[in-house]
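Okay, so here's the structure we're looking at.
The values are calculated or read from the model by the stated rules, or taken from the named source; none is laboratory data. Values in this document were obtained by computation on a predicted structure and should not be read as measured data. A quick note on method: Cβ atoms are made from the backbone with ideal geometry, for glycine too, and the neighbour counts reach across all protein chains shown.
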Amino acid sequence: MTALPTLETAPQAPADTAPRAGRRPRARTLLLVPALLFLALLVVAAAAPGLFTGAAPNATHPLQALRPPGAGHWFGTDQLGRDLYTRVVYGTRLSLLLGAGSTALSVLAGAALGLTAGLGGRVADQVLMRLADVLLALPPILLALLAVAVLGSGTVNVALAIAAAFAPGYARIVRAETLVVRRSGYVEAATTLGLSRAALIRRHVVPNALGPLLVLATVGFGSSLIAASGLSFLGLGPQPPTAEWGAMLDQGRDFLQTAWWLGIFPGAAITLTALVVNIVGRQAQARFTRRTGR
Amino acid sequence: MKATHLLQAVARRVAAAAAVLLGAATVAFAALQLIPGDPVTTMLGPFSSATPEVRDRIRAQYGLGEPVGQQYLHYLGHLLRGDLGQSYQVQRPVGSLIGDQLGPTAQLALAALALALLLALVSAVATAGRRPVLRGAASLLELLTVSSPSYWTGILLLTAFSFHWQLFPVAGAQNGTSLVLPALTLALPMTGVLAQVLREGLETALHEPFAVTARSRGLSSTAVRLRHALRHAALPLVTLTGWLAGSLLGGAVLVETVFGRPGIGALILQATTNKDMPLVIGLVLLSALVFVVLSTLVDLLYLVIDPRLRTDQVTP
């Protein structure tokens, strides 16, 4: 069967490293600074939303329902008269947590499975990688939905489902890296010097095999965020009145005809976050590739 | 290619396809076993007042009382006969439920695929190796489409072209015009990825000696791109397109929800929220089948595009 592009090539395009024209790297770095600033702003909003708004995210004002954006309500109000700007700010925490939590879980699971396959002998390798082949044959969203069907809906289950959907891709990459490291000169040297197997794995194999994974996880965070908010949008994640970007889009759907702002702002928050994460992630990937030549 | 080699290649391909399908069936069956609680309760809904006798009859009917190993073998036996079982919620065969919804989704996926390829081709051919400003603008646009979740793009298009200007219908799948916005929504993220890869490939190919030669023979820049460079740049594009086309089924879940279209995506969501496991499994198998068919097509397309692969040594 044709070798399939995994996470590194498919959903997010590869980090192009061809140093062409000399002008592009500078343009990319130019984008990097605002991207990092925005990312810092997001982290602050997630940690202390009260700094950005004095209102409460779930305070309803039925008399002010569906007001368009303007003074007093920058992003307008929703069908219950809640201030949309406040809800988008307060939604940052859960949205970022969903993306980051599911990415961390999938990276951990992928690392554990990949290392097991790469170090655990032929049988473990065969079983795990054939399983990964099958799982990678299915679209991630479908895998996540299969997991939701098993686990049930809810915020934590959505994070677990997204983690399960992306883990096979990470597992395959870690396995490949592990095999490269195992055959490398320094591991051979360490073995010759009589380092124990456990110390060898801890000191050499794990750090070297996981480096590329962490870089990849930055870009993966964007995919996880979009996928997790997508499941929320389908109504499978956080339930009302929780402020979360995907869920807010879902709840605003019935009013789009008259209140366009309900569809614009929460989605813009998801897109902007994914965009800056992608910019930072690609830069990290390009630098990593340049440094290691992989 | 000799006949025996061809046979071997075909046999290998069929075996690999069967392995993926069997694997998907096994994963789906394992997921079914992991569901907490009694499947009969799931089937009847939490508020059912069915008597224990009725529950036992259902249990026997679905073979739920047997040991797991035996259930698995039965399940595989049924699959081999093309029997996907009965949906828990809607008391109809899973096969016919899926069959009913296949049309609208196939239309949507094919339209999106064609649109994505067309847009990527235009964008890449027009901007590859051109001035940095042009390339930069195209790159940024592509990054934006890759970062935009389809459900948001869909809402934006709906707001602009259905609510504001009222050019396209808001929901449904009755005619051609109702296909435009969903197909565009599904196509845009793909376009970004495809255009990036195609531009890289084109730029590499444009620096090859054959491209320089063709240009020095007096061929116009566009002609070199279309007639010479494109074929070289197309190979990675084919693999990527195959992969992305397989993931369209996942994207359809979101896009069909946004636009209120019937189809496989809507069916997947319905099956998931109802915990209708036979239907979920049927849909997983459908997706695996799509993957198998697509990767076969990709391999065949490779042979069509690159004659160098048609020799004996490089039998895949």
Task: Members of segment B:140-157 that are touching a Leu at 6+ places or on another chain (Cβ under 6 Å) and more than 7 Å from chain A (Cβ to nearest Cβ) - done: B:Thr145, B:Ser150, B:Thr153, B:Leu157
Task: Candidate set from segment A:130-166 (those that are touching a residue at least 24 places away in the same chain (Cβ under 8 Å) and among the β-branched types (Val, Ile, Thr)); member that is nearest to the other protein chains (Cβ to nearest Cβ) - done: A:Ile141
Open item on the list: I'd like to know if segment B:23-37 contains one or more residues that are under 24 Å from the mean Cα position of the chain (by Cα) and surrounded by fewer than 17 Cβ atoms within 10 Å (Cβ to Cβ).
Closed with: yes
TODO: Report, by residue number, each residue of segment B:1-35 that is at the interface with chain A (Cβ under 9 Å from one of its Cβ atoms) and in contact with a Lys or Arg (Cβ under 9 Å, 6 or more places away or on another chain).
DONE: B:Ala19, B:Gly23, B:Ile35
Open item on the list: Among the numbered criteria (1) within 14 Å of another protein chain (Cβ to nearest Cβ); (2) part of a helix (DSSP H, G or I); (3) touching a residue at least 24 places away in the same chain (Cβ under 8 Å), which one does A:Gly237 miss?
Closed with: (2)
Open item on the list: If A:Leu210 meets every condition in (1) within 14 Å of chain B (Cβ to nearest Cβ); (2) touching a residue at least 24 places away in the same chain (Cβ under 8 Å); (3) hydrophobic (A, V, I, L, M, F, W, C) apart from one, which number is that one?
Closed with: (1)
TODO: Test B:Gly260 against the stated conditions and say whether it is part of a helix (DSSP H, G or I) and touching a residue at least 24 places away in the same chain (Cβ under 8 Å).
DONE: no
Open item on the list: Taking the conditions exactly as written (touching a residue at least 12 places away in the same chain (Cβ under 8 Å), assigned by the TED database to the domain that holds B:Ala109 and loosely packed, with under 15 Cβ neighbours inside 10 Å), does B:Leu202 satisfy them or not?
Closed with: no
TODO: Considering every residue within segment B:154-163, establish whether at least one is more than 24 Å from the chain's Cα centre (by Cα) and either of a type in the set (Lys, Arg) or crowded, with 22+ Cβ neighbours inside 10 Å (or both).
DONE: no
